[in-house]
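Here the structure is laid out as structure tokens; the discussion comes afterwards.
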Amino acid sequence: MDRPAGPGTVRLNPPAWLTAGLRPAPSPIPWAAVLRASVALSVPLAVGLAAGQPAYGALVSMGALSGVIGDTADAYRMRIFNIAVPQLFGAVGVTLGTLVFGHGWLAVGALTLVALVSGMISSIGAVASVSGLLLLLNAVVGAGLPMPDPWWKAPLLLTLGGLFVLVLTLLGWPLRRAAPERAAVAATYRAVAELYEATGTAEYDEKRHAVTASLNQSYDLVLARRARQHGRAPTLVRLLAQLNVVIPLVEAAPAAQLRAQLYGPLPPSVAAAVRELADAVEEGRTGDPVLELPTPERPAEKAVDHALRHAAAVVHKPEPDPYNVDDRLGRPAALRVRVRRTSRAVLFSEASWRYGLRLALCVGLAQALVSLIAVPRSYWVALTVTFVMKPDFGSVFSRAVLRALGTAAGLLLAALVLAEVPRGWWDVPVMCVLAALIPAFSAKGYAFQTAAITPVILLLSDTLNQQGFDLVMPRLYDSLIGCGIALVAGYLLWPESWHSRVGDRLADAVADTAAYVSRAFAGDPTDQGGRLRARRKLYRDLSTVRSEFQRALTEPPPTGPRAAAWWPLVVAVERIVDATTAARIRVNHGAPAPDPAEVADVERELRELADGLRGTDTLVEVRTELPGDENGVLAPLRQEVRAARAIAGPDLR
């Protein structure tokens, strides 16, 4: 199978965009989450059986399943929001579904309207996305399954399941209050150490992406807790100060990379010193730092030395001044500002309405179909549509394919359980095992998560319906029907799904890069904080663009090949930002400042590139020359701009 293909050989390998989601992601098993899921889903079943109400126990376990799926944060305060807030929306959803159960076309209209609202709020953020998902999922379940009377029992039992997960999650809070945040900041320091080790090698870009992701996660964790505790939580103030002093180290890395390309890698003592700081952060050590660093000679070496010594002083300082800790690098806006922004995003955003209408169309078609045609366990069709159309799970096309495959795999295990395990108390140990697979498999990919969730839902459904093995094949049929509706009504009928729009986002990133170049060299030299915030925002935006491109790569032709053609330009833009940062750092540590006219030329070239990306099929006219001093501080930057324009020259659309 490894031999090269000869003349006339027909390759039967499936395309990469189809098989990308079938490769398990390399991630460790979250043992705490595994234990939590096992307890959260099996204990309610045991209590229900002991009380002679197995259906009640199954409903509580369904609510716990929602909590297990939504428990994706690290910091405890964020986990409260991630679990508790969606449960409220889920309670509303199951109530609405219960009220229209058995009402035919009224249920179709109600679920279509719920799908519109769910889709619109799902585009706001992570918590809103899970809330919108539970709102629609529970509405579909309530409209498709008979619930116990009176109407308030079902939402109460489902909410109890989610709260049970929340209680299990918060058991470690008294002992590990700031442990997730401290571990995240320490992980950022270790990512920076690996970045310095990779200077001058082909792994540098990959390590830089890891640093950006780690910084984003650390700021999200620390600032999410500190938003209401400004100046009142010494531990968080200290962590924020330690995180802020990572930024100069990150900024010095591009200059160190340029230096390594010319003179060889940095001494190992630099990465070792950063790792020692990571250990000090994680252990909470203070005292006088001991740094054994070589004497710096070049501007890049001076930048690294200065940043490292400053970081060591802050990390080892027992109590940083809370009034000198700048949290504007990622601080959330005030609550009233976020409410106004959210309202505008929901009501006036074209993307919000577009996704809401797509989801409403698909759910409406699914419910109309099962109202006209007798489909066993019909609510599975709309459930499948909801999961496949989830906006932040990736490509609609790949999700439909992966869900079909994951469902088929999960059904094999479910068929074995339903056929061989007698109903009753045996359900409890079986649920212990099946529930533990959910967090273990969810981190591996969407198909693996689907394969793990399918037998759990089928076992709970059988507790409510007592249909045994007869549930298996209808589940497969319904899933295939739902995937088909999502592919046709949620994908093929919407040209934006299969016409690449990634170029517009990339053009915005190039325009922001031009503004960053201007701010770095032509702006107020005393506005150091403003430049740092602009750089952090730009790197975060580029990380989002990269994620969107990686998602587009999993689409079938023509979107996938188009995204692949644009990919080198994404890398080129990231290198332009790095080159700009490296030049600014070198100037700060002794290199001659560039001519303002040269800065203006680079900015103009980038803005022309952005306009070309938006406006033409042949993106821009290729230019091989960009005037300027070939020995000046901006020479590497101009070289990267020339490379970007050369990449953008061919017809990529």
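The values are calculated or read from the model by the stated rules, or taken from the named source; none is laboratory data. Quantities reported herein were computed from a predicted structural model and do not represent experimental measurements. FYI the Cβ positions are ideal-geometry reconstructions off the backbone, even for glycines, and counts take in every protein chain you see. Ligands, DNA and RNA are stripped out before the accessible areas are found, and what is left, the full protein with its side chains, is counted by its heavy atoms. Shrake-Rupley method; radii C 1.70, N 1.55, O 1.52, S 1.80 Å.
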Work out the length of the dipole vector of region 112-216 about its Cα centre, built from +1 on the beta-carbon of each Lys and Arg and -1 on the beta-carbon of each Asp and Glu, and round it to the nearest 20 debye.
360
Sulfur and carbon atoms: percent of accessible area, region 402-456 [1.4 Å]:
78
Please enumerate, by chain and number, the lysines with C-alpha under 29 Å from the C-alpha of Lys317, excluding those fewer than 8 residues away in the same chain.
Lys207, Lys302, Lys537
Per-peptide average of other Cβ atoms within 10 Å, ordering 129-137, 606-614 highest first
129-137, 606-614
First compute the accessible area of region 59-156 with a 1.4 Å probe, then give the percent of it belonging to carbon and sulfur atoms.
74
Pairwise FRET efficiency - Ser371 versus Ala179, Cβ, R0 = 56 Å, nearest 0.05:
0.65
I'd like to compare 562-568, 301-307: which one has the highest average count of other Cβ atoms within 10 Å, and what's the full order after that?
301-307, 562-568
Using the heavy atoms of the protein chains alone and a 1.4 angstrom probe, what is the accessible area of region 25-93 per residue in square angstrom?
41
Cβ neighbours within 10 Å, averaged per peptide: list 143-152, 161-170 in order, most packed at the top.
161-170, 143-152
